[in-house]
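Read the figures in this text as sums done on the coordinates, not as results from a lab. Keep in mind that what you see is a predicted model, and the values were worked out from it rather than measured. No Cβ is skipped: glycine too gets one built from the backbone with ideal geometry, and neighbour counts run over all protein chains shown.
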Amino acid sequence: MIIENGHNIAVHYTGTFEDGEVFDSSRERGPLNFEVGAGQMIKGFDDAVVGMKVGESKEITLPPEEAYGPRNEELLIEMDRANFPEDMELEEGMQLQLTNQNGQPVPATVDHIGEEKIAMDVNHPMAGKTLIFAIEIVEIN
């Protein structure tokens, strides 16, 4: 059977950055299950499994546009230091959770710490990165 949109599949994958650093892998926790074409996966990964069959493996390289998108400098926002607790020890690269106007959580990274302003990056942490995936099809339901 060949994978088409709408199929539920199980895959093993290992994701790496261009420098070879592994950022995620299903190998230690079991295969990832998802419906092909349902928008549950990043576009490039979803597209790559179409036409594959059980037991088949391949490696794909996804530019940012097919993964988490390019970095958007407009998503670098400055906040007053007064918005943070006085006793909070902020460090550049620290991950925090902000809240948007609708009360929804927004993951953010401390980008720069000034005396009066803190620059927060609310881009997805993988935005702007080329991702490489080794994919193996385990099952088609």
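Quick look at the numbers
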quantity: Segment 1-78 shape via C-alpha gyration tensor axes, a/c threshold 1.5; calculated: prolate
quantity: Linear extension gain, R27 paired with M88, 0.36 nm per residue minus alpha-carbon span; calculated: 18.3 nm
quantity: Additional length obtainable on full extension of the chain from R71 to V138, 0.36 nm per residue less Cα span; calculated: 20.8 nm
quantity: Whole-angstrom gap from segment 35-51 to segment 72-141, using each part's C-alpha centre; calculated: 25
quantity: Neighbour cut-off at most 14 other Cβ (10 Å), DSSP loop, GluC sites (Glu not before Pro), segment 55-141; calculated: E56, E86, E89, E91, E92, E115, E116
quantity: Under 21 Å, Cα to Cα: Lys pairs in the chain, sequence gap 8 or more or different chains; calculated: 4
quantity: Charge dipole (debye, nearest 20) of segment 32-120; +1 at Cβ of Lys and Arg, -1 at Cβ of Asp and Glu; calculated: 560
quantity: Cα-based radius of gyration of segment 73-121 once divided by 2.2 N^0.38 Å, which approximates compact folds; calculated: 1.08
quantity: Charge dipole of the chain about the Cα centre (unit charges at C-beta), most positive-ward option of P70, F84, P31; calculated: P31
quantity: Taking I137, I132 and counting other C-beta atoms within 10 Å, the order from fewest to most; calculated: I132, I137
quantity: Separation in nanometres of the label points that stand 7 Å from Cα toward Cβ, at T61 and D19; calculated: 1.7
quantity: Distance in nm between pseudo-label sites at V106 and A38 (7 Å out along the Cβ direction from Cα); calculated: 2.9
quantity: Enclosed volume per residue, in Å³, of the convex hull spanned by Cα atoms of the chain; calculated: 145
